[in-house]
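Since every read-out is calculated from the coordinates, none of them should be taken as a lab result. Because the structure is a prediction, the values reported are computed rather than measured. Ideal geometry is used to build each Cβ from the backbone, glycine not excepted, and the neighbour counts take in all protein chains shown.
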Amino acid sequence: MLSKDKIERINALAKKSKAEGLTMSEQKEQKELREAYLAAFRGGMRNHIEGMKVVDEEGNDVTPEKLKNIQKEKGLHGR
């Protein structure tokens, strides 16, 4: 995840953008910070999903094969 300072900067730029507008350099900075935030978010979400194990009501593992293969490559769940 992004550092607290970067998240605070994203929020400060968003607030300033709504209140008075941003300079070109601030717009560029805002875009770069947003891209970094999204990349971190997507990476975290990917790790979360790749770590999931899908089980039906009867307790049977019904995790899709594609996900099982990813987990096997990463050594997750002893696969």
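Annotations
- Cα radius of gyration and Dmax for the chain (Å): 19.6, 59
- A cut-off under 15 angstrom between Cβ atoms defines the neighbours of HIS48, and their net charge, with Lys, Arg +1 and Asp, Glu -1, is +3.
- Rounded to the nearest 20 debye, the dipole size of the chain about its Cα centre is 340 debye, using +1 on the Cβ of Lys and Arg and -1 on the Cβ of Asp and Glu.
- Shape class of segment 1-42 from the alpha-carbon gyration tensor: prolate, with a/c at 1.5 or above and a/b greater than b/c.
- GNM result for the chain, Cα springs below 10 Å: residue of GLU35, GLU20, GLU50 fluctuating most strongly: GLU20
- Straight-line cross-link partners of LYS31 among the lysines, defined as a Cα under 24 Å from its Cα and at least 8 positions apart when in the same chain: LYS4, LYS6, LYS15, LYS16, LYS18.
- Net charge, LEU22 excluded, C-beta distance under 15 Å - Lys, Arg +1, Asp, Glu -1: +3
- Between LYS6 and VAL62, the contour length at 0.36 nm per residue exceeds the alpha carbon distance by 16.2 nm.
- The order of ASP56, ASP61, going from fewest to most other C-beta atoms within 10 Å of their C-beta, is ASP56, ASP61.
- Ranking MET45, LEU76, ALA19 by Cα position along the charge dipole of the chain, where only Lys, Arg, Asp and Glu carry charges on their C-beta atoms, puts ALA19 farthest toward the positive end.
- Taking other C-beta atoms within 10 angstrom as a stand-in for reagent exposure, SER25, SER17 fall in the order SER25, SER17, fewest first.
- Summing charges over neighbours of ALA36, with a neighbour being any other residue whose Cβ is under 15 Å away from its Cβ, gives +2 when K and R count +1 and D and E count -1.
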